[in-house]
Amino acid sequence: MKEIRFENVCKSYGKTEVVKNLNLKINEGERLILLGPSGCGKSTTLRMLAGLEEITSGDLFIGGRRANDLPSGKRNIAMVFQNYALYPHMNVKENIIYGLKKQKVSKGEIQTRLAAALEMLQLKGYENRLPKDLSGGQRQRVALARAVVKQSDFFLLDEPLSNLDAQLRVSARKELLKIHDMFKQTFVYVTHDQVEAMTVGDRIALMYEGCIQMIDTPENVYHRPANIFTAKFIGSPSTNIVDIRFHDGKIMIGKQSFQLSSKWIHQINKSKADDLVFGIRPEHIELYKMPTKNTLSGIVKYVENYGNSYCIYIDIDGQEIIAMSEEKQWYPNEKVYIQPIMKKIHIFNKKTTNSIGYPEEMEKYAIVH
């Protein structure tokens, strides 16, 4: 069994609580991403799992065994660090097999695993080079190879691609997926990069201030955010979050309004929330030159060129809305009419910051209360 469970786990440094009452089950063989901004507790959580940090309270189970006091060497884990952590005086081959020699793996098995890792990570011909003679991407592949040859049941990665350039990150992500497809380890991957999270993870656990805000598939985290923090953190540009009033089946923004569908009206009434916040992603707004049914008017403030699209900043009665356009047809001080795509909107309870749910919602999502 390669399952991991955190049960009411807390981590404190003195009076500072870094991880708060963490309850998390990581299924056998899945790729779980711990995502969040710097200081949210994600790396601390990974280090507790690796045995590099003591657990203040609560229980950690690895493979069905309570592991709070289990030494790192007996947890059957392989770990890849952000800074590579290669031995500078050892060549590539020596770095990769060092752990296997410590575990007293037979010479024949070491050679078999080494050859497979060198082939998989395109390191053939580099066996005798020192880390100082390698590029950043090559060093990261050596660190991955060192973890791969252990053939551990649990593969822990702490921002392993953050030191690589954009092109190398894409290729390294493919290598990680290839490794997982081959060995089916239970992956726990820490990152602050939402693109890595969306492309690598089976599930994402989004953390903020030591608490999990939402745990779900990348699709649900993006399209059905559990709260305002999730909606704003996932996606670039960020989700538009706007204070609104709800009256007579309409959402009021400033002095303007647009009609909601009957399903959304029912959802709002069912929530019994007094104060609401409206959310819509920039790519889910349609722009028009002339008013049409259910549009709001605004003034273009400025335009950012993203290369393959344009980011349009619009003032609507004093509230800023960002929209995306594939064509450069909008200019500062121009009047524009916007229409949110009704199936893509989000509505949150302003007091709790949690989503009020979705009319077509079929599942309950993990929401922090």
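Here are the numbers:
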item: Radius of gyration and maximum dimension Dmax of region 4-223, Cα, Å; result: 17.3, 51
item: Pairs from LYS25/LYS174; LYS42/LYS232; LYS174/LYS344; LYS2/LYS184 whose Cα-Cα separation, in the structure shown, is over 20 Å; result: LYS25/LYS174; LYS174/LYS344
item: Residues SER262, SER355, SER257 arranged by fewest to most Cβ contacts within 10 Å; result: SER262, SER257, SER355
item: Amide H contacts under 5 Å for THR239, placed H, 5+ residues apart; result: none
item: Whole-number Å³ per residue for the convex hull built on Cα positions in region 240-279; result: 71 Å³
item: Helical segments meeting 24 Å axial Cα length and Kyte-Doolittle -1.0 threshold in the chain (DSSP H); result: 166-183
item: Charge sum, other residues only, whose C-beta stays under 13 Å from ALA172's C-beta, Lys/Arg counted +1 and Asp/Glu -1; result: +1
item: Share of alpha-carbon pairs per 10 Å distance bin for region 174-264, given as whole %; result: 13, 35, 26, 16, 7, 2
item: Vicinal HN-Hα couplings computed from phi for region 149-155 (Karplus, 6.51 cos²θ - 1.76 cosθ + 1.60; Hz; Gly/Pro x); result: 5, 5, 6, 7, 6, 10, 10
item: Positive minus negative residues near LEU206 (Lys, Arg vs Asp, Glu; Cβ under 12 Å); result: +1
item: Dipole magnitude (debye, nearest 20) for the chain, charges at Cβ of Lys, Arg, Asp, Glu; result: 860 debye
item: Proportion of all alpha-carbon pairs of region 1-98 beyond 24 Å (%); result: 29 percent
item: Hydrodynamic radius (Kirkwood) for the chain, which is based on Cα pairs only, to one decimal in Å; result: 23.1 Å
item: Cβ-based charge dipole, the chain, positive-most Cα from PRO88, ILE241, SER162; result: PRO88
item: Protection proxy ranking, peptides 193-202, 218-227, average beta carbon neighbours within 10 Å, highest first; result: 218-227, 193-202
item: Under the Karplus curve 6.51 cos²θ - 1.76 cosθ + 1.60, θ = phi - 60°, whole-Hz ³J(HN,Hα) for region 77-87, x wherever Gly or Pro sits; result: 10, 10, 10, 10, 9, 4, 9, 6, 6, 8, 6
item: For region 4-52 and region 151-211, distance of Cα centres in Å; result: 15 Å
item: Rg over Rh, two decimals, region 237-349 (C-alpha only, Kirkwood Rh); result: 0.97
item: Relative packing of peptides 91-100, 334-343, 285-294 - highest average C-beta neighbours within 10 Å first; result: 91-100, 334-343, 285-294
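Since every read-out is calculated from the coordinates, none of them should be taken as a lab result. If you're wondering where the values come from, they're calculated on a predicted model, not measured in any experiment. We place every Cβ from the backbone using ideal geometry, glycine too, and count neighbours over all the protein chains shown.
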